[in-house]
Amino acid sequence: MEADTGNILIDELARKKAQLLSYGLIEVPKDILSNLSVERPKSGPSSGSNLVGFEFKGRRLKLVVSRKRERFRLQRIGNEYVILDGDEVFLKVEPLDLSTHAPGQVFISLDNRCIFNCLFCRRESIVIGEEKLLGFVRRHLEKGISSLSITSGVFPSVEGHVERIERFVKGIRKDYDDISIGVEVVVGSREDIERLRSAGVDEMKINLQLPTKRLFDAICGYMEYEKILRSLEDAVAGFGKGKVTSNIIFGVGERDEDIICSLERLADMGVVPILRMIRLDKGIKRAMERRLGYSLGKQSPERILKLALHQKRILEKRGLTTREAKTMCLACGCCDLVPFWDI
């Protein structure tokens, strides 16, 4: 099925963001890069890469920096930054401050170590002390940032992972009772969810990861797929409709129907699903292709747009929105084509 790219819901900026997300890279000359806020993730699919972020007309975007000649290139013309497509001006942009990972939030990872081995994730075993992280968060909250987002690798166990997040949230909440706190977490029980809610968490993200059990078992497999779905139901019961989110990764050989089915299943629970395009460096791509037994290619801008439109319609039908999130990915908007913000 072809994307309805003539749909009035798809404006020119949404099309351009989809093109940039699909391509994923941007050439940045050294003299320009030295004046930008550059992020180097320590975990996840972009671990080890340099990322830069941009804002344009209320939209946000992160791209991996390339020193090679690329289709898209950042250029400075006078006091303005522009992205060129070849030799033509493609988009005027404003650089983002990525010093706290997500604009307007303090977004931290408590631990880059992980006992699981999801094929799409690479990580560096860098351990930062809890007091140092608490100090970093407090400094930025004192500057006026009002949202804290916490993620973490699962280490040394699911129980230890939850306990550390709970302890950290309590350490912040006792001094800052008026900020929004969101956590991205792997839980083992309903009690884990309640512990985090009682500690002061406002929003929770539990990732389903993949749109089908077959793909999840092949790529992640760290727990029963149905158990994650039950945990999402429990989280909605604790936090409320629209306060729980979940990543669904696409671009690993799934059908559109698989994506739509998983979007509907989560939205029916009151979960706001997040569509996350797979990011493949050469090593991750090889490992996933060996495991899956077929080749993986880039996702086209047309498919990114089409799936985002399906996502928006599914959310609208169930009275859900992305615009009420105070923390984490939906409040950031840099990595995805986000319904109600971008399209």
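Those helices (runs of 4 or more DSSP H) of segment 233-343 in which 3 or more residues are surrounded by fewer than 21 Cβ atoms within 10 Å (Cβ to Cβ) occupy 256-269, 282-292, 301-317. Scanning segment 154-191 for residues that are under 16 Å from K243 (Cβ atoms) and among the acidic types (D, E) returns a single hit, E184. Within segment 4-48, the residues that satisfy the criterion of being surrounded by fewer than 18 Cβ atoms within 10 Å (Cβ to Cβ), of a type outside the set (K, R), modelled with pLDDT of 80 or more and not in a helix (DSSP H, G or I) are D11, L25, P29, S34, N35, S37, V38. Looking at segment 172-190, is at least one residue under 22 Å from the mean Cα position of the chain (by Cα), surrounded by 14 or more Cβ atoms within 10 Å (Cβ to Cβ) and of a type in the set (F, W, Y)? No. Selection of segment 69-101 for residues being in a loop (DSSP other than H, G, I, E, B) and closer than 14 Å to V52 by Cβ yields E70, L96, D97, L98, S99, H101.
The values are calculated or read from the model by the stated rules, or taken from the named source; none is laboratory data. Keep in mind the model is a prediction, meaning the values are calculated, not measured. Positions of Cβ are backbone-derived with ideal geometry, glycine not excepted, and every protein chain shown enters the neighbour counts.
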